[in-house]
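Inspection log for the structure reproduced underneath, given as structure tokens.
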Amino acid sequence: MGIGAGLLLGSAFIAGFIAESIISHFGPDGIRQYSMVSEVQSLVDTFYLREQPQPIVREYGAIRGMLSTLGDKYTFFIEPQVAQSEADALAGTFGGVGLVVQLDQLGNFVVILYPNSPATNAGLANGDFLISINGIPVRQLLPIDNVDQLLRGEVRDGNGVEIEYQSRASGRINALFLPFEVIQVPSVVWNIIEEYPNIAYLRISLFTNRTPDELESALTELSENGIESIVLDLRDNSGGLLQEAVEVASYFLSDVPIAYEKTLTSERVIMAISASTNITLPMVVLVNSGSASAAELVAAALQDHERAILIGHTTYGKGSVQQIFRLSDGSSIHITTAEWLSPLGRQIAEIGVMPDIEVVEPSDTLGDQYLNAAINVLTSETSD
């Protein structure tokens, strides 16, 4: 999911906001708005030489043109099919095989499984090593985003991927076909780092409506395993739902501001909410240029309150909030409705959040240098 697909969702409703109603709308001064649109369409109908596009295509074009005059790349129009895909992503569903991969310190592609997925049902286990996809070694398919995309696809008969993997338990290499199915995607995946069983790894891929509950379940299980520190991975997290991001931050912060928000008519402090669990363990947050919007809000709050050390690269720099309004034909528009600052008043828009420790990642490095740096920091703190 790209940056645009992760824009913060505030609300959605049927607006009936189509070109016909725009043309017939009267402004507060009683003057008919957009009357020239009708005038131009009449002239095109009378004189245009060739066949015109369908009315809906022209209507969409008019909406895009109007929104483009705002000069705001985060205020835009999307057609029904894309709008539905976006809604599915924020709800946490897509077509795929139900696994993601993570590079370990030795450069192995470690499998992390979604429950009740084709990969799980086929016998793969967390910690197995992915070797190839459709006959191509995974190492040749880097970066990891490309690998993830190859493990997703349209749900239809016979559609899927051939994979090879090595069982961590037996060492045996197996080949099998995994069909694409509708995956209820957990936005939170976690594991205990094998070489460091007191360090938990938590990855939040997007802030969906299920993220707080998933995080609470993960933290409960991790606490039962006696973990002593946490790596929170927000790399390539493009944002998602604002309220859910605030709830996530509130598991690690209490009774402090998470951000300051300014709208057209008001300003407000977004405070940490009361969470069922408050985690005080040492913590590192991983960020990169793909960390945006709600992910930046969480990272900045943890950094400003000195709750976590940020490791990686400067984030994307999107310090604004968008509401998504569903239109009458299933299309939708994103409208920028607010901007926010970090708890210390730092601007995020166009600047991003700078890490405390920057990672320089050589092109020939096999392991995950971000994770290695996080482990070094956490093990140093423990030894101190």
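Just to be sure, is Thr69 modelled with pLDDT under 85 and either under 30 Å from Ile333 (Cβ atoms) or in contact with a strand residue (DSSP E or B) (Cβ under 7 Å, 6 or more places away or on another chain) (or both)? So Thr69 fails the test.
Within region 105-121, take every residue that is more than 22 Å from the chain's Cα centre (by Cα) and surrounded by 16 or more Cβ atoms within 10 Å (Cβ to Cβ) and give me the one that is farthest from Gln369 (Cα to Cα). Only one residue fits best here, namely Pro118. Annotation note: Cβ proximity below 8 Å between a residue of region 31-57 that is closer than 20 Å to Leu67 by Cα and a residue that is among the charged types (D, E, K, R) (sequence gap 6+ or interchain) occurs for Gln41/Arg58; Ile56/Asp329. When Gln102 is tested against (1) part of a helix (DSSP H, G or I); (2) within 22 Å of the chain's Cα centre (by Cα), just one condition goes unmet, and that condition is (1). Please enumerate the residues belonging to region 231-279 that are modelled with pLDDT of 95 or more and hydroxyl-bearing (Ser, Thr, Tyr). Hits for region 231-279 are Ser250, Tyr251, Tyr260. If the condition is being acidic (Asp, Glu) and touching a residue at least 60 places away in the same chain (Cβ under 8 Å), then region 234-285 contributes Asp236, Glu261.
If a residue has to be touching a helix residue (DSSP H, G or I) at 6+ places or on another chain (Cβ under 7 Å) and part of a loop (DSSP other than H, G, I, E, B) to count, how many in region 197-213 make the cut? Number of matching residues: 3.
Listed by first and then second residue, the pairs with beta-carbon distance under 9 Å, at least 6 apart or on different chains, first residue in region 107-124 and assigned to a helix (DSSP H, G or I), second at pLDDT below 90 and of a type in the set (Phe, Trp, Tyr), are Thr120/Tyr114. The set of residues from region 351-364 being modelled with pLDDT of 90 or more and assigned to a loop (DSSP other than H, G, I, E, B) comprises Ile351, Gly352, Val353, Met354, Pro355, Asp356, Val359.
Checked against the criterion of being of a type in the set (D, E, K, R) and part of a helix (DSSP H, G or I), the candidates Glu216, Glu164, Glu194 yield just one match: Glu216. Considering only residues in region 147-184 that are loosely packed, with under 14 Cβ neighbours inside 10 Å and among the basic types (Lys, Arg), the one that is modelled with the lowest pLDDT turns out to be Arg156.
Okay, residues lined up against (1) surrounded by fewer than 11 Cβ atoms within 10 Å (Cβ to Cβ); (2) within 30 Å of Asn159 (Cα to Cα); (3) modelled with pLDDT under 90; (4) among the charged types (D, E, K, R):
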| site | (1), (2), (3), (4) |
| --- | --- |
| Gly27 | yes, no, yes, no |
| Gln33 | no, no, yes, no |
| Ile56 | no, no, no, no |
| Ala87 | no, yes, yes, no |
| Thr93 | no, yes, yes, no |
| Leu99 | no, yes, yes, no |
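Screening Ala292, Ala299, Ala338 for residues that are assigned to a strand (DSSP E or B) and small (Gly, Ala, Ser) leaves exactly one candidate, Ala338. Looking only at region 245-265, which residues are surrounded by fewer than 24 Cβ atoms within 10 Å (Cβ to Cβ) and not in a loop (DSSP other than H, G, I, E, B)? Across region 245-265, the qualifying residues are Val246, Glu247, Ser250, Pro257, Tyr260, Glu261, Lys262, Thr263.
Given the structure, is Arg50 more than 25 Å from the chain's Cα centre (by Cα), of a type in the set (Lys, Arg) and over 23 Å from Val231 (Cα atoms)? So Arg50 fits the description; yes.
Gln52 meets the conditions (1) touching an Asp or Glu at 6+ places or on another chain (Cβ under 9 Å); (2) over 30 Å from Ala349 (Cα atoms); (3) modelled with pLDDT of 90 or more; (4) surrounded by 14 or more Cβ atoms within 10 Å (Cβ to Cβ) in every case but one. The failed one is (4). Listed by first and then second residue, the pairs linking a residue in region 131-144 that is of a type outside the set (S, T, N, Q) to a residue that is part of a loop (DSSP other than H, G, I, E, B) and surrounded by fewer than 13 Cβ atoms within 10 Å (Cβ to Cβ), with Cβ atoms under 9 Å apart and 6 or more places separating them unless they lie on different chains, are Arg139/Gly107. The residue that is nearest to the chain's Cα centre (by Cα), among those in region 219-241 that are among the aliphatic types (A, V, I, L, M) and assigned to a loop (DSSP other than H, G, I, E, B), is Leu234.
The values are calculated or read from the model by the stated rules, or taken from the named source; none is laboratory data. Treat the numbers as computed from the prediction; the structure is a model and nothing was measured. Glycine gets a Cβ as well: all are built from the backbone with ideal geometry, and neighbour counts include every protein chain shown.
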